[in-house]
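Trainee: Quick one: this structure, given as structure tokens, is what I'll be asking you about.
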Amino acid sequence: ATPSDLVLLEKSLKRLAKVADRQIRRVKARTPGAGAAGGLGFGLMAFAGATLRPGFGVVCDATRLPTRIQTAEIVVTGEGRLDAQTLDGKAPAGVATIAHKLGKRTFAIVGEARDQAKVSELFDGVYQLRSARLSEEETLTNARELLRERAREMAGKWKS
């Protein structure tokens, strides 16, 4: 969509939400999760009678994650950007929360970390692929090798 298309789409979706709110009355546009994926959650709730559940909880249950973490020696998770939004129900925060409850050391290997003070208490260590010497493009181009380097670095510190 072009920038002008985005303006029209946003305006149209807001109008649709108002009409659905008045006519259907079983869902509010401001319901948590309703705006996810461009409003897909709202559409599914309003027009298909869907019930939204946090994605991490669904995946956690389906994979029996707590059981898997219980048998692990350490836990490693990752994300493109680790920041304050991570605390809002994203997978790395959920994984770290479960791991800490089970007494497991938890590490994150991420593309970039922001809001370090807020998220660092979740993890025993955070390892970034991005550095001051690399642009975002260079980081993406070299992600495979950078990931290997950070994993070696983490393993060296974990074993000591």
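The values are calculated or read from the model by the stated rules, or taken from the named source; none is laboratory data. Keep in mind that what you see is a predicted model, and the values were worked out from it rather than measured. For neighbour counting, all protein chains shown are included, and Cβ atoms are generated from backbone atoms with ideal geometry for every residue, glycine included. Accessible surface areas use protein heavy atoms only, side chains included; no ligands, DNA or RNA. Shrake-Rupley method; radii C 1.70, N 1.55, O 1.52, S 1.80 Å.
Trainee: Could you check the range 16-62 and list, in sequence order, the residues that are assigned to a helix (DSSP H, G or I), loosely packed, with under 13 Cβ neighbours inside 10 Å, of a type in the set (Gly, Ala, Ser) and at pLDDT 80 or above?
Mentor: If the condition is that a residue be assigned to a helix (DSSP H, G or I), loosely packed, with under 13 Cβ neighbours inside 10 Å, of a type in the set (Gly, Ala, Ser) and at pLDDT 80 or above, then ALA48, GLY57, ALA62 are the ones that fit.
Trainee: Further, regarding this structure: Which residue is nearest to THR63 (Cα to Cα), if the candidates are limited to the range 79-128 and must be of a type in the set (Phe, Trp, Tyr) and either open to solvent by 70 Å² or more (accessible area, probe 1.4 Å) or in a strand (DSSP E or B) (or both)?
Mentor: The qualifying residue nearest to THR63 (Cα to Cα) is PHE107.
Trainee: Being modelled with pLDDT under 90 and more than 23 Å from SER131 (Cα to Cα) narrows it down to one of GLY89, GLY94, so name that one.
Mentor: GLY89
Trainee: Any residue in the range 119-138 that's basic (Lys, Arg): show its pairings with residues that are surrounded by 13 or more Cβ atoms within 10 Å (Cβ to Cβ) at Cβ separation under 8 Å, as long as the two are six or more apart or on different chains.
Mentor: Final answer for the pair search is ARG130/GLY111; ARG130/GLU112; ARG130/THR139.
Trainee: Which number in (1) farther than 21 Å from CYS60 by Cα; (2) open to solvent by 30 Å² or more (accessible area, probe 1.4 Å); (3) of a type in the set (A, V, I, L, M, F, W, C) marks the one condition that LEU146 misses?
Mentor: Of everything listed in (1) farther than 21 Å from CYS60 by Cα; (2) open to solvent by 30 Å² or more (accessible area, probe 1.4 Å); (3) of a type in the set (A, V, I, L, M, F, W, C), LEU146 misses just condition (2).
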